[in-house]
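For reference, the structure discussed in these notes is given below.
The values are calculated or read from the model by the stated rules, or taken from the named source; none is laboratory data. Since this is a predicted model, take the numbers as computed values, not measurements. A quick note on method: Cβ atoms are made from the backbone with ideal geometry, for glycine too, and the neighbour counts reach across all protein chains shown. With ligands, DNA and RNA removed, areas are computed over all heavy atoms of the protein, side chains included. Shrake-Rupley method; radii C 1.70, N 1.55, O 1.52, S 1.80 Å.
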Amino acid sequence: MPLFMDRHRAPSGTMPEDIAAAHMLDLAVEKQYGVRYLTYWFDKDNGGIFCLADAPNAEAAVRVHREAHGMEPEEIIEVVPGAVNDYLGRSADPPGHEPGQPLSDSAFRTIVFTDMAGSTRLTQRLGDEGAMEFLRLHNDVVRSALREHQGNEVKHTGDGIMACFVSVTDALECTIAIQRSLRDHNAARESDQLLVRIGLSAGEPVSDSGDLFGAVVQLARRICDVAEPGSIYASNVVRELCIGKSYRFKDRGESALKGFDAPQRVHELHWLPE
């Protein structure tokens, strides 16, 4: 059956126990509509609720909510199973979780894109095998940093990697580690240095674009596109999430990004040591 994710906005004061009780009500009536609710995510801080279900269609999933407790979603979309695992880390309740026990992990994620600057010119000058050496170096550096900072690789983009993080701090530390590692590799080279652009954004998984992580992914991708080689650029949301932390940003002003009606403010993360 198709897999659907819906989004709710919880009333102020809603507790994890309230959402767990509502989920149990869903489980009590789901069979009547051929639906199987798999799991949910609840972010108590901002009131976001996301439910994941196997269902014959979106309406059947909504009817379960309607009959069980009356809390209909603001939005429901069909999603690819692999995408749910890649972005949210699971497509079922955590191992050992007992039905009816509260879940309160957030669906909020930080998205990171890397991109090798000048990859086409490298291929033209060095040939396919020579360019592959740089690509392998990029992949090794990025994947090592992801392992060290709890990042999850979503996909390889050809000249870069897309990844996601539960923690914005982990995402920033990972990008800093990438740039510093590449700097060290470049120091040993007399020419043909590997410079990588990095872009970050953050948000919830269901967007107004009707796709899982749609707008958040697009923004991180476009910010990566405008970043200078060897730099880390972040969205305004990422910058605001770091208020009170020790990270240093330089305001790069508003940029007109492809696919976005309004200019988006971007910030450059300082990663060089003092």
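Structure notes:
- For residue 133, the accessible surface of its heavy atoms amounts to roughly 90 Å² (probe 1.4 Å, protein chains only, rounded to the nearest 10).
- Shape of the stretch 152-196, Cα gyration tensor, a/c cut at 1.5: oblate
- Ordering of 231-239, 148-156, 173-181 by burial proxy (mean other Cβ atoms within 10 Å per residue, highest first): 231-239, 173-181, 148-156
- Ligands, DNA and RNA left out, the accessible area of the stretch 135-248 computed with a 1.4 Å probe is 44% carbon and sulfur.
- In sequence order, calculated HN-Hα J values of the stretch 255-269 (Karplus, 6.51, -1.76, 1.60; Hz; x Gly/Pro): 10, 7, 9, 4, x, 10, 5, 9, x, 10, 7, 10, 10, 9, 7
- Separation of the residue 72 and residue 192 label points, Cα + 7 Å toward Cβ, nm: 6.2
- Accessible surface, per residue, of the chain when the full set of protein chains is kept, probe 1.4 Å, Å²: 48
- Helical runs (DSSP H, four residues minimum) scored at -39500 (n - 2.57) apiece and divided by the length of the chain put the mean residue ellipticity at 222 nm at -12000 deg cm²/dmol.
- Accessible-area value, residue 191, 1.4 Å probe, nucleic acids and ligands omitted, Å²: 70
- Rounded to the nearest 10 Å², the accessible area of residue 260 at probe 1.4 Å: 50
- Most to least accessible of 8, 69 (protein chains only, probe 1.4 Å): 69, 8
- Relative contact order, percent, the chain [alpha-carbon distance under 8 Å, six or more residues apart]: 16
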